[in-house]
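Read through the structure below, which is laid out as structure tokens, and then see the notes.
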Amino acid sequence: MSKRTLALIAATLVSIIYGVTFTIAKDVMPQYVNPFGFILLRVSGATLLFWLVSFLGPKEKIAMEDFPRIIAAAFFGVALNMLTFFKGLSLTTPISAAVIMVSTPIIVLVLSAIIMKEKMRKRKAFGILLGLVGTVFLILYGKSIGNAANAMLGNLLVFINAISYGFYLIVVKKLMDKYNAFTFVKWIYSFGLLMVLPFGWQQLEAVNWALMPVDIYWKTGFVVVFSTFFTYLLNLLSMRELKPTTVAVFIYLQPLFATIFAIGLGKDHLTVVKLVSAALIFVGVYLVTQKNPSTNNQ
């Protein structure tokens with residue numbers, strides 16, 4: 001099996017885990033753990049795991065000039081990414097959050113054009129516009145049933161999270177080209193832990209662990225171990241073989257898995273607005289990610 005095939009499998013597994021996470025995390029917060037407290041629990045647990053497994057990796061030293069990039073990756077990939085996502089998810093529903101995350105490939109392409117000076121063709125520009133129309137439509141009109149305290153604000157925060165994740169994919173790519181994933185991911189999470197600590201400490205202290213059901217403990221553990229630790233490692237491993245735009249496009253699988261899981265458990269339902277928004281975003285992503293005949297992009 002080729003390295004590229006393994007990278008594609010890793011990216012698919014990330015989408016499955018994230019798709020399931022939308023609903024599992026929703027069961028934990030805000031009823032048992034408030035969003036920022038949950039993030040602190042998630043990041044601290046993952047940081048510990050990353051430091052433990054780093055001893056199994058190669059012995060590499062990070063150059064001092066690369067630490068600003070690591071700190072930027074911590075901000076966009078851990079702090080801003082998680083704070084906006086979990087707060088947004090606590091205010092909206094699993095399907096709405098998953099559909100908005102599909103705009104990430106479009107955002108990555110825009111950032112690549114601005115930061116990396118990549119040429120943007122008319123077809124891709126139209127796809128970007130179409131996808132953003134779908135996202136804005138969902139943010140403004142995607143009212144949801146069930147546990148959605150403020151769907152509009154929640155959807156907006158998830159969209160900010162998607163932009164943050166787009167920045168992270170571009171920032172971390174150069175680190176992947178230079179170091180083994182085990183060498184720097186522990187530092188990304190260590191800096192990320194310092195950034196989320198002021199936001200989550202008070203909420204984590206307020207958790208009543210004695211009243212928390214056993215299944216909530218298991219779901220919290222799933223988010224720490226699988227949704228954080230494993231997905232970040234799998235994402236970094238896939239990025240060694242694939243371009244940021246290719247990794248990002250796997251996010252379009254998340255609404256499929258999130259929808260199947262959420263509807264199967266009766267946590268959410270489909271509406272016309274969600275279907276139309278999803279269709280616009282999917283068509284936009286399709287146009288953005290089509291290869292040009294003259295290029296050999298991964």
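The values are calculated or read from the model by the stated rules, or taken from the named source; none is laboratory data. These numbers were taken from a predicted model, which means no experiment stands behind them. Here the Cβ is made from the backbone with ideal geometry for all residues, glycine too, and neighbour counts use every protein chain on show. Protein only, heavy atoms only, side chains kept; ligands, DNA and RNA dropped before computing areas. Shrake-Rupley method; radii C 1.70, N 1.55, O 1.52, S 1.80 Å.
A few points about this structure:
- When the stretch 183-200 is filtered for residues that are of a type outside the set (Gly, Ala, Ser), in contact with a helix residue (DSSP H, G or I) (Cβ under 7 Å, 6 or more places away or on another chain) and open to solvent by less than 30 Å² (accessible area, probe 1.4 Å), the ones remaining, listed by number, are PHE184, VAL185, LYS186, ILE188, TYR189, VAL196.
- Matching residues in the stretch 120-152 - criterion: being open to solvent by 80 Å² or more (accessible area, probe 1.4 Å) and modelled with pLDDT under 70: TYR141, LYS143, ILE145, ASN147, ALA149
- Residue among VAL171, VAL207 that alone is touching a Gly at 6+ places or on another chain (Cβ under 8 Å), touching a residue at least 12 places away in the same chain (Cβ under 8 Å) and open to solvent by 20 Å² or more (accessible area, probe 1.4 Å): VAL171
- Identity of the residue in the stretch 210-221, open to solvent by 50 Å² or more (accessible area, probe 1.4 Å) and hydrophobic (A, V, I, L, M, F, W, C), that ends up nearest to VAL78 (Cα to Cα): TRP218
- Selected residue (criterion: farthest from the chain's Cα centre (by Cα)) from residues of the stretch 65-110 that are of a type in the set (D, E, K, R) and farther than 12 Å from ILE39 by Cα: GLU65
- So LYS61, is it surrounded by fewer than 15 Cβ atoms within 10 Å (Cβ to Cβ), in contact with an Asp or Glu (Cβ under 9 Å, 6 or more places away or on another chain) and modelled with pLDDT of 80 or more: no
- Looking only at the stretch 48-58, and only at residues there that are touching a residue at least 24 places away in the same chain (Cβ under 8 Å) and not small (Gly, Ala, Ser), the one that is least open to solvent (accessible area, probe 1.4 Å): PHE50
- Residue list for the stretch 23-43, restricted to those being open to solvent by 10 Å² or more (accessible area, probe 1.4 Å) and in contact (Cβ under 8 Å) with a residue 12 or more places away in the chain: ILE24, LYS26, ASP27, PRO30, TYR32, ASN34, PHE36, LEU41, ARG42
- Lone qualifier among ILE107, ILE95, ILE100 - being in a helix (DSSP H, G or I), open to solvent by less than 80 Å² (accessible area, probe 1.4 Å), within 14 Å of ALA278 (Cβ to Cβ) and at pLDDT 75 or above: ILE100
- Selection count, the stretch 1-22, where residues are out of contact with any Phe, Trp or Tyr (no Cβ under 6 Å at 6 or more places or on another chain), open to solvent by less than 50 Å² (accessible area, probe 1.4 Å) and within 30 Å of SER90 (Cβ to Cβ): 6
- Residues of the stretch 1-33 satisfying the condition of being outside any helix (DSSP H, G or I), farther than 19 Å from VAL223 by Cβ and aliphatic (A, V, I, L, M): MET1
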